[in-house]
Amino acid sequence: MPALVALIFVTAVWGVTFVQVKDAVAIYPLFAFLAVRFAIATGTLALPAARRVRALGRSGVAGGAFLGLLLAAGYALQTAGLERTTVSSTGFITGMYVVLTPLIALLLYRARIGLAAWAGVVVATAGLAMLSGIHAGSASGDLLVLAAAAVYSLQIVLMERYAPRFDPLAFTFVEMASAFLGLLVVALALGDLGVPRGWTVWGALLVTGVFASALGYLVQTWAQRRTSATRTALAFTMEPVWTAFFGYTLAGDRLGALGWGGCAVIMAGIVLAEPAAAAVLAGKLDTLRLRFSQ
């Protein structure tokens, strides 16, 4: 139960940051914002985690670095999409990573996918089509966020491979550092890196860097060692709900009947696919446990 509560709290933090990030990247370059965000996340974990990195070994460091680069790519795509579309649309489309998780597992591990998962894909796709038809959003922004959701689903599937094997603090630190370095290279290449100014930018950087990134992914890694894949997936369905709530109350999102209907249909698809996604992850995790115990 504590792991489930912690995950739900993390999804609430992730939900409110959509509003903050949209405001921040309107006045500060996207890749510079993300680079500073992950620099703060890396610095937050550096002191307690640095001595524990050596225990990860080469495979742990390599795995953390790869997942960190995936996070960097996912956040770059998501934030670019958020610049172009609404907060609520971004949240619900991001939530499609739950629907995409069984498909990613199918491609990587040839995992079996049940009828419920396929039904969830069809329903969520219909909701996405409805959402893309509203004037408040942007088709290009929605597609960028959808690409980010695919990257996140890949990260979650791979996390099930690494979470049981490595120290969560050290592994998360390597993830954050890798994401920071990848984003820093891009920001420097674009010539965007500069000193952030104003509370709008700094407030978003502190909340996203410390709570949404460093502590958020640390809690995710910690929780996935202590709770079932079903409960993890259940907690993650709350992220689009929180995002819609904060988008409506803080960002003034007004999507109309078609837009909110599309959000509801996407949510229905996520709920349909949830048990299948969790079963795929649980099955893969059991296989890996058997393999590494031999």
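Here are the numbers:
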| item | result |
| --- | --- |
| Every residue from segment 56-91 that is polar (S, T, N, Q) and either within 17 Å of V185 (Cβ to Cβ) or open to solvent by less than 10 Å² (accessible area, probe 1.4 Å) (or both) | T79, T85, S88, S89, T90 |
| Residues of segment 72-101 classified as farther than 15 Å from F236 by Cβ and hydrophobic (A, V, I, L, M, F, W, C), total | 7 |
| Which listed residue is at pLDDT 80 or above and either under 19 Å from V157 (Cα atoms) or of a type in the set (S, T, N, Q) (or both), from G81, G114, G95, G74 | G74 |
| Qualifying positions in segment 155-183 - open to solvent by 40 Å² or more (accessible area, probe 1.4 Å) and in a helix (DSSP H, G or I) | R161, F180, L181 |
| Criterion: more than 19 Å from K22 (Cβ to Cβ), in a helix (DSSP H, G or I) and in contact (Cβ under 8 Å) with a residue 12 or more places away in the chain - qualifying residue of L103, L77 | L103 |
| Pairs with Cβ under 6 Å, 6+ apart, first in segment 16-42 and open to solvent by 10 Å² or more (accessible area, probe 1.4 Å), second in a loop (DSSP other than H, G, I, E, B) | V19/L250; V19/A251; Y28/P196; P29/D192; F31/D192 |
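The values are calculated or read from the model by the stated rules, or taken from the named source; none is laboratory data. Bear in mind the structure is a predicted one, so any value in this text is a computation, not a measurement. Methodologically, a virtual Cβ is constructed for each residue, glycine included, from the backbone with ideal geometry; neighbour enumeration extends over all protein chains shown. Note: accessible area is taken over every heavy atom of the protein model, side chains too, but ligands, DNA and RNA are not part of it. Shrake-Rupley method; radii C 1.70, N 1.55, O 1.52, S 1.80 Å.
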